[in-house]
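What follows is a set of notes on a single structure, which appears directly below.
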Ligand SMILES: Cc1cc2nc3c(=O)[nH]c(=O)nc-3n(C[C@H](O)[C@H](O)[C@H](O)COP(=O)(O)O)c2cc1C
């Protein structure tokens, strides 16, 4: 048997969740990815020791990839005072320690570049998540958005961005990406979800501009997300994947529906995006909050639809907690990767345990050598 034939038959013996996934020049060793999770303990955007412990756990548990939390491209693009930032060169050192943790075990790691827009200037979730203007006005900052529409009743009215400011914000995404590359990240994700700035340009609920950057025309509303993607793609090495997290549906009347997201995904694909990470919700409208009831795998149908209709790889997320469930998503071609958050906090060795459950021929091979050696002898 030739060595390439042997390798391919070994790969097909693996459960689908544990087959490698190549994207440009990056290969995810398996399909289990740590989803971005804000930790709210940064100091003026700088990662804390906590971040090393948080990512250290995941880096030892056999995942195929990981994403660092929403990281603000400008100081005022943070959600809270505790959010990570990448708006200064001084942020790079700690971030490079995080990438080092994953690289020590051959795991690709990405960063989610974000701007909070009108949802920024908020208190920490554990302190009520209220606008800072209510809680501690002296620490609040002015928020920006496509239109001067507050997130919801009781929130400050953001300032509508000028066209010049739109261009400066796109440049800030590029500068942030350059720092991320300097910190050793293998891929970049644009945070286009959850009601933050990029998402708020795409949603008709939050974008009522009268110029080419918004309003009723979908072509205008997708201009900002697409321009951010184009700018990043032309600044990034061709070898490096670019991901985009979308709120696939707003879940409120008059908001984004899945067919709109398919149109966006097709445009992003042309702009050089390689994979869509399909989340939902976050925009709050006049009719109130989204009516999206979380249940096991509740967002998987969006990843499946975008993958099928826009013909682009996707990552599924949202209450994916069981080995068989995750494996089935990949086996059925509903998504290319599965992202996990709360289950990872609960069980950072999820991938290793899933490999055992699914009959992987050598689950210990997912672990660092110094663990694998001992665990094979149990
Ligand atoms: C503590 C916490 C922080 C989060 N921070 C982010 C974030 O920085 N960016 C993002 O896109 N989603 C964020 N999310 C959403 C998760 O990435 C994920 O989409 C969501 O938790 C659903 O997945 P799960 O059911 O596996 O937890 C966060 C979720 C949690 C629980």
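Every number here is computed from the coordinates shown, using simple stated rules; none is lab data. Bear in mind the structure is a predicted one, so any value in this text is a computation, not a measurement. Here Cβ is always computed from backbone atoms with ideal geometry, including for glycine, and neighbour counts include all displayed protein chains.
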- With a 10 Å Cβ neighbour count serving as the proxy for reagent exposure, in which order, fewest first, do 250, 277, 44 appear? 44, 250, 277
- Provide, as a two-decimal number, the C-alpha radius of gyration of the stretch 200-342 over 2.2 N^0.38 Å, N being how many residues it has. 1.06
- Query: Remind me, relative contact order of the chain in percent, using alpha carbon pairs under 8 angstrom and six or more residues apart?
  - Reply: 16 percent
- Message: Quick check on the stretch 116-254: take the gyration tensor over C-alpha atoms, sort the square-rooted eigenvalues as a ≥ b ≥ c, and tell me if it's rounded (a/c under 1.5), prolate or oblate.
- Response: oblate
- Note on the structure: Counted neighbours (other Cβ, 10 Å), sorted fewest up, put 213, 141 in the order 141, 213
- Note on the structure: When all Cα-Cα pair distances of the chain are considered, the percent exceeding 39 Å is 13 percent
